[in-house]
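S.K.: The structure's right below; bear with me while I get my questions together.
Coordinate-derived values only; no laboratory data. These numbers were taken from a predicted model, which means no experiment stands behind them. Please note: Cβ atoms are built from the backbone with ideal geometry, for glycine as well, and neighbour counts cover all protein chains shown.
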Amino acid sequence: MKDNYDLVVIGGGPGGYVAAIRAAQLGMSVACIEKRIYKGTPALGGTCLNVGCIPSKALLDSSHRYEATKHDLAEHGISTGDVAIDIETMIGRKEAIVKQLTGGIAGLFQGNGIDWLQGWGTLVDGKGSDKKVKFTAEDAAESTITAKNVILASGSIPIDIPVAKTDHDRIVDSTGALDFNEVPKRLGVIGAGVIGLELGSVWRRLGSEVVVYEALPSFLAAADKDIAKEAAKMFKKQGLDIRVDTKVIKAEIDGDEVVVTSENKGESSEQRFDKLIVCVGRRAYSEKLLGEDSGIQLTERGLIDVNDQCKTNLDGVYAIGDLVRGPMLAHKASEEGIMAVERIHGEKAQVNYDTIINVIYTHPEIAWVGMTEQEATEAGFEVKTGSFSLAANGRALAQSEGEGSIKVVADVKTDRLLGMHAIAAGAGDIVHQGMIAMEFVSSIEDLQLMTFAHPTISEAVHEAALSADGRPIHA
Ligand code: FAD
Ligand code: NAI
């Protein structure tokens, strides 16, 4: 550890660690302060690598393989005998992947000459040209380091609700739901958002009876309405019992069970579960992040106030990722980290917030980029749309993935692509085509004129673009 750095980053998640690496590439001296201890070991990688994106996808993959092996092979003429899952092995595989990736970040830090300071970081004073950061090591030893620039990247934590306080055993948050040591027979989930759908799917595939309570009257309110409607039907068919317009008013532990009382249209009902996951959103995490005299301005909602380039009110102090406005997504955090560092370096870096992709990693995946039909209409565009069902896509049928569709949203006046929405196997990858097209201000005609390889699921993008002008070939 040195006394003075060009850049100190507080938080080593996908926002902070990526910022630190980019800064080192640009020749800055860099320290990254990260306090996380994951299962007894100090760990970089933040929420995403330790208890978020990566472990959830590892479990989604294992549970999908289990379900597909158990139920989907017979139609191919493949017989397997009894199919069983060993939860300890599944969780062990997840841990090995987490360890490999977080260890990989530590290796990248070493390779780039970045000092990882294991403990808490607090911006004590960000006003002058030499910013003061307090570093509190694990053994509580305190030291002050100065930095020309500081990036705040302390991320987010799950929102707790008073009616269902987590006890980290029966009532858990997303972190607890990644570590069940057996399949709960009856699983309750509060919140039909991204985590509820992904982790609800994991345990349903492994045999849980899953009930998902959603307070809002509509399902997947942020998604395009057509896609959300199709998704609701598919989840129902899969056996996820999603109850919209239903508020949980009480959750109590009774012996080995959790008793959930919920209310729908004024009527209350009670249901018993073995486990309950509370996933009703996350909130910015800024405990111990700012000293009393840091000089940092907050928004009315308590977030760190930043402009489009993630600059705070203080020169040389930036804030990125889940800690600031915008979607709480790893790729958004990382790109903000790169932008902040390149700005510090005097470059004109930007993040295009209009083309941040959302993916829900259920099966099939749900993904989108840009505006929904409803948002485009509200924004005053004269909108045209085109949709194509995967039931008419040869590749999708050949691989038993014929459920789902792809939809494009465009501006009638300019023909410009405004959004792409997909519910399909591999939707998360497919909508990258929409992102690239939007970045290059492509028109629907551009998508119509390109030659898509046959047979691919991407052909449905081509057909959706043709449908926008009423001339699909296979519909
Ligand atoms: P974080 O990853 O939260 O990292 C912040 C780090 O700062 C933490 O490690 C914390 O320990 C540390 N810290 C905080 N305060 C201090 C301090 N004062 N001093 C030192 N260190 C500090 N996003 C996706 O894009 N795709 C996904 O598939 C996806 N799946 C998810 C699944 C789950 C179950 C969850 C919970 C989240 C998921 N996310 C996903 C969201 C994603 O994890 C976050 O958007 C992302 O991690 C935010 O990155 P960040 O760097 O801003 O913060
Ligand atoms: P979310 O915001 O996606 O969903 C929360 C849901 O809970 C909403 O539908 C909301 O209406 C509902 N809700 C809120 N209070 C409620 C209550 N009292 N009773 C019933 N329902 C209630 O939040 P979630 O799922 O917790 O995820 C947090 C964040 O993590 C996401 O916003 C996302 O940014 C990130 N994430 C991203 C993933 C991805 O990119 N694939 C995967 C998992 C998380």
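S.K.: Tell me, in nm to one decimal, what length is gained between K39 and R272 on full extension, where the rule is 0.36 nm per residue of separation less the Cα-Cα distance? Walk me through the numbers before you get to the answer.
M.R.: Working: separation 233, 0.36 × 233 = 83.88 nm, distance 3.05 nm.
Residue separation times 0.36 nm, minus the Cα-Cα distance, leaves 80.8 nm.
S.K.: Expressed as a whole percent, how much of the Cα-Cα distance distribution for the stretch 123-247 exceeds 21 Å?
M.R.: 55 percent
S.K.: Measure nothing but the geometry: give the 0 to 90° angle between the long axis through the Cα atoms of 459-468 and the longest principal axis through the Cα atoms of the chain, rounded to 10°.
M.R.: Orientation of helix 459-468: about 80 degrees from the principal axis.
S.K.: Shifting gears a bit: Quick one: which residues, 5+ away or cross-chain, put their amide H under 5 Å from the amide H of V9? H built at 1.01 Å from N.
M.R.: Hits under the 5 Å cutoff: A31, C32, I33, I151.
S.K.: Got a sec? How would I37, I151 order by Cβ neighbour count within 10 Å, fewest to most?
M.R.: Ranked by crowding around the Cβ, least crowded first: I37, I151.
S.K.: Compute the long axis of helix 194-205 from its Cα atoms, compare it with the longest principal axis of the Cα atoms of the chain, and write down the angle in degrees, 0 to 90, nearest 10.
M.R.: Tilt relative to the chain: about 60 degrees.
S.K.: How about the stretch 261-334: which GluC sites (Glu not before Pro) there lie in a loop by DSSP and see at most 15 other Cβ atoms within 10 Å?
M.R.: Passing both the DSSP loop test and the Cβ count: E287, E292, E300.
S.K.: Using a Förster radius of 45 Å, what is the FRET efficiency between R325 and L73 based on their Cβ-Cβ separation? Nearest 0.05, please.
M.R.: That gives a FRET efficiency of 0.45.
S.K.: For the Cα atoms of the chain, what angle does the longest principal axis make with the long axis of helix 53-71, in degrees from 0 to 90, nearest 10?
M.R.: With rounding to tens, the tilt is 20 degrees.
S.K.: Only helical DSSP H runs with n ≥ 4 go in: add -39500 (n - 2.57) per run for the chain, normalise by residue count and round the 222 nm mean residue ellipticity to 500 deg cm²/dmol.
M.R.: Values: 13 runs with 146 residues, N = 475.
Rounded to the nearest 500, the figure is -9500 deg cm²/dmol.
S.K.: Counting other C-beta atoms within 10 Å, and keeping those with at most 16, which DSSP coil trypsin sites (Lys or Arg not before Pro) do you find in the stretch 129-186?
M.R.: Passing both the DSSP loop test and the Cβ count: K165, K185.
S.K.: Moving to a separate point now. Can you pull the Kirkwood radius for the stretch 357-469, inverse mean 1/r over Cα pairs, to one decimal in Å?
M.R.: 13.6 Å
S.K.: Assuming R0 = 35 Å, can you tell me the calculated FRET efficiency for the pair D308 and R93, based on Cβ-Cβ distance, to the nearest 0.05? Walk me through the intermediate numbers first.
M.R.: Values: r = 41 Å, r/R0 = 1.16.
Efficiency for this residue pair is about 0.30.
S.K.: Would you mind computing, in nm to one decimal, how far apart the modelled labels at A137 and I161 are, each placed 7 Å from Cα along Cα→Cβ?
M.R.: Each label point lies 7 Å from its Cα, and together they span 4.4 nm.
S.K.: Next question, about the same structure. Would you mind getting me the FRET efficiency between A475 and A84? Use the beta-carbon distance for r and R0 = 51 Å, nearest 0.05.
M.R.: Calculated value: 0.75.
S.K.: Using only the Cα atoms of the chain, each taken as one equal point scatterer with no solvent, compute I(q) by the Debye sum, divide by I(0), and report log10 of the ratio at q = 0.10, 0.11 Å⁻¹.
M.R.: Relative scattering, expressed as log10 I(q)/I(0), comes to -0.85, -1.02.
S.K.: Taking 0.36 nm per residue of separation and subtracting the Cα-Cα distance, what length does fully extending N264 through A215 add?
M.R.: Stretched out fully, the N264 to A215 stretch lengthens by 16.8 nm.
S.K.: Given labels modelled 7 Å from the Cα in the Cβ direction, how far is it in nm from E382 to E439?
M.R.: Taking the simple label geometry, E382 and E439 are separated by 3.2 nm.
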